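Have a look at the structure below before the remarks.
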Amino acid sequence: MSRRKELKNILLRHLLLCGQATRPELVAMTKVRAATVFEAIDELKSTGIVGEPERRTKKTGRRAPVLCCMPDCCHAIGMELHLSGCTGVIADASGEVIHCVEHPAGDRSSLLEVKAEIFEVLQHLRDLADDRWHLIRGIGFADPGLVDIRGSISTRAVNIPPWQMVETGKMLSSASGLPARVWPEAMVKTHMEYLQRLPDAPESIFNLVTDDGIGGGFIKKGELFVGSSGRAMEIGHLVVRPDGARCQCGNCGCLESVASPAALAGKITELRDAGVDLGGLPEKFTMETFVEFASNNRSGRIIAGELCRDLSHALSVVVMLLNPEMIVISGKFAGMGNFLTEGLRRELELRCFPDAVKELKIEISSLSASDTARAAAMMMRDQILLGD
């Protein structure tokens, strides 16, 4: 890659991440002489990817006009397959969602039925786009299981048994005529956690995703860490109790098998069957009722304490190896709020070097239901515009 092209990619990447910037800000960011940066900006403007709406002449007065990506230079579809259904969005180059659809999960006893669900969402988005379909340039897909990122292949989703060894990228491309990429759901969520905190995002974020399984993602300075084979951050399969329950992956005592929402619900059922007084906790398990139960019942506090200890066994490895500036809890456990974050901090203070925890921020995610699909669209947008 030539130096000029590399500089243009740096400038464009910054605009895609931050939304906007002025010429002086870009000069300060790149530490390249102003004339060279301005030439690169003018080349980006000539392609229609970048605009400077406030600039009408070479001289604009004291206030520097703002540069931004032109919204219609690249629309992208983002999709998320999850246990309760399939979500799809169309987002413009600024990341704004233009259309959003949510289809509930149907009968998923066969692969054909799961594919039909995805195609239904894709067709719905095509109908909504109508005569602006030509603006859409790609599809990003957030997958609920293991993914071969390079091949865009869905390897295995333990909670959706038919969804395994699917060439998802090729399948979506064939159905739409557009390029498509596939990433693990936890990785996509982590990207959005970072974007939501800009321009004051921490340098590094670890995201603990607590949905039907347990996943993780790590991002530093805007770059997601995927590992050499795309299998990084599988925190759900760190063994925290060697004598624990057998995990769906085949090992015993994985974090996912002892401290996931499903494992927590199973533990409560076992206690109830053993005659333990659960203080009127409703038969149907939800995180909301459990939080209330844990706040007012001794047995609930003991269960919550064990949960925090199990989670901290895995998170202490993260803290000691990666030393993140922030840990974000997303998914079903996010409903536990301060009860969880304060419990985790106490446990991490016992297990990690003081300096690694002293400034560590532990937060609850505030992502909306459609934000994962939106993030997948924005990751695909970046692939298209930056040529990654």
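The values are calculated or read from the model by the stated rules, or taken from the named source; none is laboratory data. Every value quoted in this text rests on a predicted model; they were computed, and no experiment measured them. Glycine gets a Cβ as well: all are built from the backbone with ideal geometry, and neighbour counts include every protein chain shown. The area values use the complete protein model at the heavy-atom level, side chains included, leaving out ligands, DNA and RNA. Shrake-Rupley method; radii C 1.70, N 1.55, O 1.52, S 1.80 Å.
For segment 222-270, the set of residues classified as among the small types (Gly, Ala, Ser) and more than 16 Å from residue 306 (Cβ to Cβ) consists of 222, 227, 228, 229, 230, 232, 236, 250, listed by residue number. Number of residues in segment 357-367 that are open to solvent by 40 Å² or more (accessible area, probe 1.4 Å), farther than 23 Å from residue 183 by Cα and either of a type in the set (A, V, I, L, M, F, W, C) or part of a loop (DSSP other than H, G, I, E, B) (or both): the value is 1.
Each row is one residue, and each column tells you yes or no for (1) at pLDDT 95 or above; (2) open to solvent by 40 Å² or more (accessible area, probe 1.4 Å); (3) in contact with a strand residue (DSSP E or B) (Cβ under 7 Å, 6 or more places away or on another chain); (4) in a loop (DSSP other than H, G, I, E, B).
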{"site": "141", "(1), (2), (3), (4)": "yes, no, yes, no"}
{"site": "159", "(1), (2), (3), (4)": "no, yes, no, yes"}
{"site": "170", "(1), (2), (3), (4)": "yes, yes, no, no"}
{"site": "175", "(1), (2), (3), (4)": "yes, yes, no, no"}
{"site": "182", "(1), (2), (3), (4)": "yes, no, yes, no"}
{"site": "205", "(1), (2), (3), (4)": "yes, no, yes, no"}
{"site": "209", "(1), (2), (3), (4)": "no, no, yes, no"}
{"site": "215", "(1), (2), (3), (4)": "no, no, yes, no"}
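Restricting to segment 216-244, name every residue that is over 19 Å from the mean Cα position of the chain (by Cα) and within 25 Å of residue 17 (Cβ to Cβ). 228, the sole residue that qualifies. Of all residues in segment 161-174, those that are more than 12 Å from residue 140 (Cα to Cα) have Cβ atoms under 6 Å from Cβ atoms of residues that are open to solvent by 30 Å² or more (accessible area, probe 1.4 Å) and assigned to a helix (DSSP H, G or I), 6 or more apart or on another chain, in 162/111. Report, by residue number, each residue of segment 250-264 that is open to solvent by less than 60 Å² (accessible area, probe 1.4 Å) and more than 12 Å from residue 300 (Cα to Cα). Within segment 250-264, 250, 252, 253, 254, 255, 256, 257, 258, 259, 260, 261, 263 meet the criteria. Residue check: is residue 251 under 18 Å from the mean Cα position of the chain (by Cα) and either without any contact (Cβ under 8 Å) to a residue 60 or more places away in the chain or within 26 Å of residue 368 (Cβ to Cβ) (or both)? It is false that residue 251 is under 18 Å from the mean Cα position of the chain (by Cα) and either without any contact (Cβ under 8 Å) to a residue 60 or more places away in the chain or within 26 Å of residue 368 (Cβ to Cβ) (or both). Considering only segment 343-356, how many residues are in a helix (DSSP H, G or I), out of contact with any Lys or Arg (no Cβ under 7 Å at 6 or more places or on another chain) and either acidic (Asp, Glu) or open to solvent by less than 60 Å² (accessible area, probe 1.4 Å) (or both)? Qualifying residue count, segment 343-356: 6. Has segment 23-32 got any residue that is open to solvent by 60 Å² or more (accessible area, probe 1.4 Å), within 30 Å of residue 210 (Cβ to Cβ) and assigned to a loop (DSSP other than H, G, I, E, B)? No, because not a single residue in segment 23-32 is open to solvent by 60 Å² or more (accessible area, probe 1.4 Å), within 30 Å of residue 210 (Cβ to Cβ) and assigned to a loop (DSSP other than H, G, I, E, B).
Residue check: residue 192 meets all listed conditions (1) aliphatic (A, V, I, L, M); (2) assigned to a helix (DSSP H, G or I); (3) modelled with pLDDT of 85 or more; (4) open to solvent by 10 Å² or more (accessible area, probe 1.4 Å) but one, namely (4). Could you pull out the residue among 340, 281 that is assigned to a loop (DSSP other than H, G, I, E, B), of a type in the set (A, V, I, L, M, F, W, C) and surrounded by 18 or more Cβ atoms within 10 Å (Cβ to Cβ)? Step by step, each of 340, 281 is checked, and only 281 is assigned to a loop (DSSP other than H, G, I, E, B), of a type in the set (A, V, I, L, M, F, W, C) and surrounded by 18 or more Cβ atoms within 10 Å (Cβ to Cβ). Remark: pairs (first residue in segment 368-388, assigned to a loop (DSSP other than H, G, I, E, B); second residue of a type in the set (Asp, Glu) and surrounded by fewer than 24 Cβ atoms within 10 Å (Cβ to Cβ); Cβ separation under 8 Å; 6+ apart in sequence or on different chains) = 369/102; 370/102; 388/382. The lone criterion from (1) open to solvent by 20 Å² or more (accessible area, probe 1.4 Å); (2) over 17 Å from residue 241 (Cβ atoms) left unmet by residue 270 is number (2). Within segment 309-337, being part of a helix (DSSP H, G or I) and of a type outside the set (A, V, I, L, M) holds for 309, 310, 312, 313, 316, 332, 333, 335, 337. Which residue, of 186, 201, is assigned to a loop (DSSP other than H, G, I, E, B), modelled with pLDDT under 95 and not charged (D, E, K, R)? Sole residue among the options that is assigned to a loop (DSSP other than H, G, I, E, B), modelled with pLDDT under 95 and not charged (D, E, K, R): 201.
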